[in-house]
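Readers should treat all values here as calculations from the given coordinates under stated rules, not as data from a laboratory. Just so it is clear, the model here is predicted, and its values are computed rather than measured. In this analysis, Cβ positions are derived from the backbone assuming ideal geometry, glycine residues included, and neighbour counts consider all displayed protein chains.
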Amino acid sequence: EVQLLGSGGGLVQPGGSLRLSCAASGFTFSSYAMSWVRQAPGKGLEWVSAISGGGVNTYYADSVKGRFTISRDNSKNTLYVQMNSLRAEDTAVYYCAKNLGYSYGGNYYFDYWGQGTLVTVSS
Amino acid sequence: QSVLTQPPSASGTPGQRVTISCSGSSSNIGSDFVYWYQRLPGTAPILLIYRNNQRPSGVPDRFSGSKSGTSASLAISGLRSEDEADYYCAAWDDNLSAWVFGGGTKLTVL
């Protein structure tokens, strides 16, 4: 059974940093791209970032480019996102999601999601 | 403002058939598949429909998807109380080179 367990959320001041983690199990982690998707209060889902199965290729939404860094440790079956220079508009529930295949793109939709971790950016 | 447009709410009584719409453009729904996700209260989203109208194993055939042009629909027949959830549509956007989503539709079973 595929399981994705997100953690690391919390309250952080504007301009601060936070690192989210997502522990994966139930599938061959290194064979699949992984993504972060967020939902701000009262808003819809927004794709944030993705990383290929081997970790070589990374992708970012314009809204977080230059501030967020996605990474993975395939030996620990864990996905990360380092979030720097956080803004109030980054406040959201962050979900990790498994992509269908090794790469990121239109053929590789999200087939499993984690339960989400809340990030609140406020002074 | 979400790239894909969904009604914020929908409702129906047990046993009824309800549909949820999702409107996009030629760069997303018009040129690629549509996906639907269900998020029950307090749980992670689950894949409900993939590639317009395909159901993953375990998803009841009460759920069906369709697409026409730049719009798509999710239909739920034989509505049950356990269907009360948020529903999201998604598609790949060729212009943005990114996955885009609808704002979500909250389904209430009266």
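Numbers at a glance
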item	result
Spatially near lysine pairs across the protein assembly as shown, Cα under 26 Å, sequence gap of 8 or more or different chains	10
Signed unit charges on C-beta, dipole axis of the protein assembly as shown, positive-most listed residue A:Gly16, B:Val18, A:Gln115	A:Gly16
Point-charge dipole on Cβ atoms (K/R +1, D/E -1) for the range A:38-123, about Cα centre, debye to 20	100 debye
Relative contact order (%) - the range B:50-110, alpha-carbon pairs under 8 angstrom, separation at least six	23 percent
Efficiency of FRET between B:Asn95 and A:Ala40 - r from beta-carbon atoms, R0 30 angstrom, step 0.05	0.85
Cα-only radius of gyration and Dmax that characterise chain B, units Å	13.1, 41
Within a Gaussian network of chain B (alpha carbon springs, distance under 10 Å), most fluctuating of B:Ala91, B:Ala44, B:Ala72	B:Ala44
Gaussian network model of chain A, springs between alpha carbon atoms under 10 Å - residue of A:Asp90, A:Asp73, A:Asp62 with greatest fluctuation	A:Asp62
Chain B: most fluctuating residue of B:Thr13, B:Thr43, B:Thr70 per GNM, C-alpha cutoff 10 Å	B:Thr43
Mean separation of Cα contacts under 8 Å (6+ apart) over length of chain B, as relative contact order %	39 percent
Lys, Arg +1 and Asp, Glu -1 on Cβ, resulting dipole of the protein assembly as shown about Cα centre, debye, nearest 20	120 debye
Hydrodynamic radius by Kirkwood, which averages 1/r over all alpha carbon pairs of the range A:1-92, in angstrom	13.7 Å
Cβ-placed point charges (K, R +1; D, E -1), dipole of the range A:7-78 about Cα centre in debye, nearest 20	100 debye
